[in-house]
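Colleague: Have a look at this one.
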Amino acid sequence: MATYTLTVNGKQHQVEVAPDTPVLWVLREHLNLVGTKYGCGIAQCGACTIHLDGVAVRSCTLPVSAVGRRAITTIEGLSETGDHPVQQAWLEHDVPQCGYCQAGQIMTAVALLQSNPDPSDEDIESVMNGNICRCGTYLRIRAAIKTAAQRMR
Amino acid sequence: MARINTTLNRRAFLKASALAGGGLMLGFNWAGCAPSEPPVKGMPDTWADINAYLKIGNNGLVTIMSPNPEIGQNVKTSMPMIVAEELDVDWKDVIVEQAPLDTHKFTRQLAGGSQSIRQGWRGLRLAGATARRMLLEAAAQRWQVPVEELTTKAGVIRHEPSGRTLGYGDVAADAAGIPVPEDVALKDPRDFTIIGTTRKNVDGPAIVTGKPLFGLDTQREGMLIAMIEHPPAFGMTIKSLDAEAAKAMPGIHDVFTIDAAPDGFDRQWSDVNAFPHLVVVVGRSTWEVLQAKRALKVEWEVASPLESSADHTAGLARLLREGRVEPARRDGNPEAAFRRAATVIERTYSAPFLAHNTLEPMNFFADVKPDRAELLGPIQTPEFLRRSVASVLGLPEDRISIQMTRMGGGFGRRLYGNFGVEAALISQKVQAPVKLVYTREDDMTQGTYRPAYQVTYRAALDDRGRLIAFHVRGAGVHGGPVFADRFPAGAVEHYLAEDLSLESNVSTGAWRAPRSNFIAGAEQMFLDEVAEAAGKDPIDFRLELFERAMNDPVGEAHDYDAERYAGVLRLVREKSGWDTPRPGVHRGVSAYYCHNSYVAQVVDVVVEANRPRVQKVWCAVDCGIVVNPGAARNQVEGGIVDGIGHAMYSTLSFVDGVPEQKNFDRYRLIRHAEAPKEIETFFVDNGIDPTGLGEPSLPPVIGALANALARATGQRLYDQPFITSLQGFALEGTTG
Ligand code: FES
Ligand code: FES
């Protein structure tokens, strides 16, 4: 057990956990931020995607001890009132089916648009390829990313 | 306007409070029950319970209960839309809540067989229509006018002669006291204002902001986390457990074994479970429990033969070759017809086991007390789970409550509630609220798979290329894939269908569009080859068969309506421009009927840099009235992506009873770069009562895909997943 100070969605939190505890479980069970999902635990599905200093990472394989001073952003902290352009585009295209993968999809999409404001289909496919949607909403995700890109430019 | 007698499920329309005393009411204080979006009107001061499906606030806000489990098929939006339509209320004044399991108030609270809308249709309409009638009568009494002089529009009652108006909220409390009408008028579908219009997912805002909605998100005071360890191989069981090391690890509460199917267990059809005997680890957090699970020392022993995929393949092939079975259907004299045929075509198709792989792994919350139990979680069959839980706990059913959470996918896996039974047993044992969580590995290797299948088709053509005889002989693990009375039964003079079953210790279950998910693809691939041999266009060839089934059907009966079948095929032909080939675009077609609906598809494949890619899928659907077109399109698109993905990439194989794929590193699911670039869906507008939609788009797309790939690559594909049978081409997407 060790104590870590984490900056999550702009707020500081102290948690006492084993150093190898993945950030995913710290968020979900110690900070009660359950929007970040568990899907595979081995960095294959993207359901657990968060931002670390703005970069999309898989929180299921990120030990809490490796975070250091970097700022964590989760789906809950993406916007104050759920109106980030990517979230809005997701609603506009009514993307979700079961919805379980969508927080991870959105977090990856936001990071994509931050580094590439005008992504081609191929850019979207290549960056989003690490996020599985078992329900098959891929076409709507692509459309929503394009809508969000337009809005954000 | 049809007058409908309300005796059907009349209990549901009695005031909810009249029944509340009978059952067990436990307080659910769970975030997922709250409305997703604050209502425009604001919350009312008081609510009037009108019937089991709805209550109306004094400000006119309406809460509609969604009775059925939500697995991503969007019934939590579309079922309340049907109630709201007949109630005649503005959709923006509706909030939706998930109803708990309540067999006194609701019927068929089950997500399966694409039947929620079809079977709920009448009851949901009646719920809205009876409530509307009661509101009208309350207003008529208040104004002392005949009820016939009143009309409604979007939650407002109007007395035409005087021009007076009242909101639903103004009379809701009075309406609650009005006797339930004996019969009510339902709207003419032409007057629908909500049904047939796109309404967004009511949970959308909660989903995109990461609100707790799913079973895995459940948090309770004093709740412990439980995980299971099941045997590593089908055919194995626990020999001994050394729990000491695991018990000593930080945060661990207890380690023990359970038997989820003890002697005398009242087994339901939903109790499919290859591993009822389990090791359980309980502790304070998921990560700590996971560490202890890894430290477990369990000795396993072989209880029945350990099977490998080669055994399943050989076993199914042996059945096809020499298995004896009574025909499932026989018309005419198939043997003689095959003997006199000018051409006989014979092909065999196969597909592997598949896991459901809902993205949210199996989990369930249980809080078991000596005299009652509360369960909460993702379950497609809450009524059956309650029976199973009652049996293992030794509690009466009315002492057990079950609340459904939004599910991170179902696909049939959560029809089988073993995880709920296990959670209940664990909570009973540790005497604390428990959330049972499967790891992805536990989930993928637990069984209840889509069975492995094989099928051999034979077709006999006469010298003019007419199909004179057809023979289908299928085999599958725990049941074959053949639907004997489906197409082309009824369309061919001489017809023989046979279906064989291979026993196995690998457990199987319904997987999105059971049996159809294999047999449709095989059949549609085969018909493509037969049409080719007959020298006919594949659509013309099928249409000729439908003509026969329409005008001069063979045999006593068949399952489908040939006219509707032909209708979707003609529609997709027209929309896709089938008769105008485009250079570089390779096309395949298919049509299939299942879950009471008809689907025809054209798949366009282009080959770029040696990589065939689905450029577009054209899809025509006849599922009767479409309640929520945007959401319906989402379902159709999902089914298409799902069908293409699994046929192309997925497999679950075994070596000595051990699944070779345990997580998404080796189990391949379709990803972004492999999805079709475009899908366009066309619905037949025929005013017929709605039929299934969650499943029907999946089965045929496998055939259309293979038929397109055959034209694109020159290779007919007989064995799924296609990625392993296609030679010399790349099917991989770009990797991210
Ligand atoms: S849970 Fe982290 S990538 Fe799947
Ligand atoms: S919406 Fe269900 S997994 Fe993506």
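Colleague: Can you name every residue in region B:669-686 that is facing chain A (nearest Cβ under 10 Å), surrounded by fewer than 20 Cβ atoms within 10 Å (Cβ to Cβ) and in a loop (DSSP other than H, G, I, E, B)?
Modeller: Answer for region B:669-686, where residues must be facing chain A (nearest Cβ under 10 Å), surrounded by fewer than 20 Cβ atoms within 10 Å (Cβ to Cβ) and in a loop (DSSP other than H, G, I, E, B): just B:677.
Residue-wise test of (1) modelled with pLDDT under 95; (2) over 30 Å from residue B:72 (Cα atoms); (3) open to solvent by 30 Å² or more (accessible area, probe 1.4 Å); (4) not assigned by TED's automatic domain parsing to the domain that holds residue B:668.
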position	(1), (2), (3), (4)
B:319	no, yes, yes, yes
B:332	no, yes, yes, no
B:335	no, yes, yes, no
B:345	no, yes, no, no
B:366	no, no, no, yes
B:372	no, yes, yes, yes
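Colleague: Let me ask something else. Quick one: which strands (runs of 3 or more DSSP E) lie wholly within region B:325-408 and hold at least 1 residues that are closer than 19 Å to residue B:269 by Cα and among the β-branched types (Val, Ile, Thr)?
Modeller: Output list reads B:400-404.
Colleague: While we're looking at this one, here's another question. Go through region B:352-373 and count every residue that is more than 14 Å from every other protein chain (Cβ to nearest Cβ) and either in contact with a Pro (Cβ under 8 Å, 6 or more places away or on another chain) or without any contact (Cβ under 8 Å) to a residue 60 or more places away in the chain (or both).
Modeller: Number satisfying all stated conditions: 9.
Colleague: Is there a residue being open to solvent by 10 Å² or more (accessible area, probe 1.4 Å), within 12 Å of chain A (Cβ to nearest Cβ) and more than 27 Å from residue B:581 (Cβ to Cβ) anywhere in region B:711-734?
Modeller: yes
Colleague: Hey, among the residues in region A:78-97 that are within 19 Å of residue A:115 (Cα to Cα) and open to solvent by 10 Å² or more (accessible area, probe 1.4 Å), which one's farthest from ligand 1 (Cβ to nearest atom)?
Modeller: A:85
Colleague: Looking at region A:22-42, which of its residues are within 13 Å of ligand 1 (Cβ to nearest atom), touching a Leu at 6+ places or on another chain (Cβ under 9 Å) and open to solvent by 10 Å² or more (accessible area, probe 1.4 Å)?
Modeller: Of everything in region A:22-42, those that are within 13 Å of ligand 1 (Cβ to nearest atom), touching a Leu at 6+ places or on another chain (Cβ under 9 Å) and open to solvent by 10 Å² or more (accessible area, probe 1.4 Å) turn out to be A:25, A:38, A:41.
Colleague: Can you pull out every residue in region B:646-668 that is in contact with a Gly (Cβ under 9 Å, 6 or more places away or on another chain) and surrounded by fewer than 24 Cβ atoms within 10 Å (Cβ to Cβ)?
Modeller: Within region B:646-668, B:656, B:657, B:663, B:664, B:668 qualify.
Colleague: Conditions first: (1) of a type outside the set (Lys, Arg); (2) closer than 15 Å to residue B:616 by Cβ; (3) open to solvent by 30 Å² or more (accessible area, probe 1.4 Å). Residue B:571 passes all but one, so which condition is the exception?
Modeller: (2)
Colleague: Only one of B:262, B:232 is at pLDDT below 95 and assigned to a loop (DSSP other than H, G, I, E, B). Can you tell me which?
Modeller: Residue meeting the stated conditions: B:262.
Colleague: Right, another one. Just give me the residues in region A:1-14 being open to solvent by less than 60 Å² (accessible area, probe 1.4 Å) and either of a type in the set (Asp, Glu) or within 11 Å of another protein chain (Cβ to nearest Cβ) (or both), in sequence order.
Modeller: Across region A:1-14, the qualifying residue is only A:9.
Colleague: Looking at region B:406-449, which of its residues are more than 16 Å from ligand 1 (Cβ to nearest atom), within 14 Å of chain A (Cβ to nearest Cβ) and either modelled with pLDDT under 95 or under 24 Å from the mean Cα position of the chain (by Cα) (or both)?
Modeller: Hits for region B:406-449 are B:406, B:407, B:410, B:411, B:412, B:413, B:414, B:436, B:445.
Colleague: So which of A:74, A:61 is more than 16 Å from ligand 2 (Cβ to nearest atom), touching a residue at least 12 places away in the same chain (Cβ under 8 Å), within 20 Å of residue B:292 (Cβ to Cβ) and hydroxyl-bearing (Ser, Thr, Tyr)?
Modeller: Answer to the selection: A:61.
Colleague: How about region A:98-141: which of its residues are within 11 Å of chain B (Cβ to nearest Cβ), touching a Lys or Arg at 6+ places or on another chain (Cβ under 9 Å) and away from ligand 1 (no atom under 16 Å from the Cβ)?
Modeller: A:121, A:124, A:125, A:138, A:139
Colleague: Mind listing just one residue for me: the one in region A:43-56 that is more than 10 Å from ligand 1 (Cβ to nearest atom) and away from chain B (no Cβ under 11 Å) and, of those, surrounded by the most Cβ atoms within 10 Å (Cβ to Cβ)?
Modeller: Checking each candidate, the answer is A:51.
Colleague: Check B:138, B:131 and return the single one that is small (Gly, Ala, Ser) and either surrounded by fewer than 19 Cβ atoms within 10 Å (Cβ to Cβ) or under 23 Å from residue B:40 (Cβ atoms) (or both).
Modeller: B:131 is the lone residue from the list that is small (Gly, Ala, Ser) and either surrounded by fewer than 19 Cβ atoms within 10 Å (Cβ to Cβ) or under 23 Å from residue B:40 (Cβ atoms) (or both).
Colleague: Is it fair to say residue B:324 is within 14 Å of chain A (Cβ to nearest Cβ) and either basic (Lys, Arg) or open to solvent by less than 20 Å² (accessible area, probe 1.4 Å) (or both)?
Modeller: Here the answer is no, as residue B:324 does not meet what is asked.
Colleague: Can you name the residue in region A:57-66 that is more than 11 Å from ligand 1 (Cβ to nearest atom) and within 12 Å of another protein chain (Cβ to nearest Cβ) and is also nearest to residue A:5 (Cα to Cα) among such residues?
Modeller: Per the stated criteria, the residue is A:64.
Colleague: Would you mind finding the one in B:212, B:232 that is closer than 26 Å to residue B:252 by Cα, more than 13 Å from every other protein chain (Cβ to nearest Cβ) and not polar (S, T, N, Q)?
Modeller: Result of the check over B:212, B:232: B:232.
Colleague: So which residues in region B:152-185 are surrounded by 17 or more Cβ atoms within 10 Å (Cβ to Cβ), touching an Asp or Glu at 6+ places or on another chain (Cβ under 7 Å) and free of Cβ contacts under 8 Å to residues at least 24 places away in the same chain?
Modeller: B:159
Colleague: Okay, moving on. Out of all the residues in region B:477-510, which are hydrophobic (A, V, I, L, M, F, W, C) and assigned to a loop (DSSP other than H, G, I, E, B)?
Modeller: Correct list: B:482, B:483, B:484, B:487, B:489, B:491, B:492, B:506, B:510.
The values are calculated or read from the model by the stated rules, or taken from the named source; none is laboratory data. Values in this document were obtained by computation on a predicted structure and should not be read as measured data. In this analysis, Cβ positions are derived from the backbone assuming ideal geometry, glycine residues included, and neighbour counts consider all displayed protein chains. These area figures cover heavy atoms from the full protein model, side chains too; ligands, DNA and RNA do not enter into them. Shrake-Rupley method; radii C 1.70, N 1.55, O 1.52, S 1.80 Å.
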